[in-house]
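These notes concern the structure reproduced below.
The values are calculated or read from the model by the stated rules, or taken from the named source; none is laboratory data. The structure displayed is predicted, hence computed values, not measured ones. We place every Cβ from the backbone using ideal geometry, glycine too, and count neighbours over all the protein chains shown. We work out accessible area using only protein heavy atoms, side chains counted, and drop any ligands, DNA or RNA first. Shrake-Rupley method; radii C 1.70, N 1.55, O 1.52, S 1.80 Å.
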Amino acid sequence: MNLSIDYEKLLTSKSRKVLTRRLVIGSAIALNLMPLVFKDVLNSNAKLALALSGFVTSLCCLKLPDYEYEQKLIDTYEKTSMKEYKLVLQGEVLKTQAKLEINNQQDLAETIEHLPEHQIDYFAQKYGVVPILAKYYIDNDSEENETVETVQPVVTTSKSIFENVIEKIEKDDSISLAWLKKAITESCFVAGKKGSGKSHLLRWLLAGFIAQSSDKDLFYVIDKHYDSDSPWVFGVDETELVKRGRIVDGKKAIAKISELHDSLLNRIENGLTYKKIGSHVRVIIDEIDSYSEEEMEIISAFAKDVEYQGRKFGFSIHLGAHSIKKGEMGIDSSILGSMLNILYPSVVLDRNSVLSGAFPTVQVMKRMIERYKSQAPKDARIVVVGDDFEVFVSHVPKLELVQITVDSENVETAESAETVQDASKPSMEALLNQIITWCKACKEKYGRYPTVEHLKVAWRDISGKDLDDKGTALLREYLYKSGGVEI
């Protein structure tokens, strides 16, 4: 017999007995009171009949049906059902929690997977999502998917003068400047008011990059307010660098950023990793908060692709700003938050600054800075460093700019270094066929062939050489006749 049916019968039986008891008791009370209430209206026979009826009904009350048995059964059933319900409910809660945990871990794994590659392993271990990212580790261990961890861009066999300077300061001042070493080789964001030392630090980091670079590596400085009286490369006549577009002022800034973005996207689309090309590109964009909203959209898109995919394809970026106030920054704080942040107190203590969630409140940072000041060397330039979601206070030591040799011959060699070849150079026919394939892929993906400017960038990436106007015209003619590609 079904338990729910028995329970319904028990409830019905109890209800009937309760109703019967109430009717009998109510009748007894009513019949006994009626002769008294209506004594002036009723005759003696009626009174006698009511009295007898009341007496009989009262006797019936002594034999009323008892529902105690049904009540015990109902209580037992309800207690048992409640326990079962609790168990079921607990099971449902556990199932829901498990689903939420799985979804959260999947979302977390997806977020971590899009972090810069040097951060993936750390956060995968920290949040226990290594098994979920197993494909990432397998793919990165295979030959088909070149791992960036085995290829360290901008690293020479001997230590540069800059590394030696940092290590000497660490030893003399008993501090750790690992973040400063990291800033030489990786993307970072530096912010500070005028006179804080921001530009000096960016120049020092650029010199450190050049000192550790090979002749294939490139650097580009984009300074909207460039002034030849304040050179970026110490001790070097920058006229040649400006002429070659390696140092760019405000008039050509956005065009240069777009060109560099196209170069990065071309590397990504064609799988031209750093391991294949062997050329690392460092881009420095100073005073990003001085650009218009439309220009910031272009800079933000470029910075996003560099930060999330640039390391594998040999790109890194240094961004400088005077302010990170709300309404003055067009770059998503999540992009800046994933970079190494070097922020001067004038910025972090500004309540209008837009900081990533890793940074504590202004009051907490103020106490951190004051505590560090009491122990730091006199006149030290205090900075708040955000590194891998860890925030701490440090200081920029006195950094002397060292003269770096960047002559015309080295620049020429560096600009012709972006090549597709691994060890041997492909034939001209192979290069042309690769360009045709790339053009058709663009047509299939975007619905149009690339522009002339895109074609020039692609040719430089693939062949390592720049196209002049005559070469461009001949290439376009060949593409049309041989591949039906009309540009």
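Once the chain from A301 to A49 is taken as fully extended at 0.36 nm per residue, the excess over their C-alpha distance is 80.5 nm.
With respect to the cross-link table entries K251/K276; K440/K465; K193/K366; K193/K224; K181/K378; K304/K456, which display a Cα-Cα separation exceeding 28 Å? Checking Cα-Cα distances, K251/K276 exceed 28 Å.
Sorting I288, I29 on solvent-accessible area from highest to lowest, probe radius 1.4 Å, gives I29, I288. Between I487 and K252, the C-beta separation translates, for a Förster distance of 22 Å, into a calculated FRET efficiency of about 0.40. Residues C442, C60, sorted by accessible area with the largest first, give C60, C442 [1.4 Å probe; ligands and nucleic acids excluded]. If you sort T437, T185 by accessible surface, 1.4 Å probe, largest first, the order is T437, T185. Only sites in a loop by DSSP and with at most 15 other Cβ atoms within 10 Å count here; which trypsin sites (Lys or Arg not before Pro) in region 339-393 make the cut? Filter output for region 339-393: R351, K378. Taking Cβ atoms as reference points and 11 Å as the exclusive limit, the residues near Y67 contribute a net charge of +2, counting Lys and Arg as +1 and Asp and Glu as -1.
Can you check what the net charge comes to around K304, using other residues whose Cβ is under 13 Å from the Cβ of K304 (Lys, Arg +1; Asp, Glu -1)? Its environment carries a net charge of -4. Take M368: with every protein chain present and a 1.4 Å probe, its accessible area is about 40 Å². Charge tally around F234: other residues with Cβ under 14 Å, Lys/Arg +1 each, Asp/Glu -1 each, net -3. In this entry, region 179-256 is assigned a mean projected area of 5.9 nm², taken as a quarter of its C-alpha convex hull surface. Let's test the formula: R0 of 45 Å, r as the Cβ-Cβ distance of L59 and K86. What FRET efficiency results, to the nearest 0.05? Once rounded, the FRET efficiency stands at 0.45.
Spacing of the modelled spin labels on M428 and S214, each 7 Å from Cα toward Cβ, amounts to 2.8 nm. In this simple spin-label model, placing a label point 7 Å from the Cα along the Cα-to-Cβ direction at both K465 and T20 gives a separation of 11.2 nm. Return the Rg/Rh ratio of region 231-375 with Cα-based radii and a Kirkwood Rh. That ratio equals 1.02.
Segment K193..I29, full-extension length gain: 49.6 nm, with 0.36 nm per residue of separation and the alpha-carbon distance subtracted.
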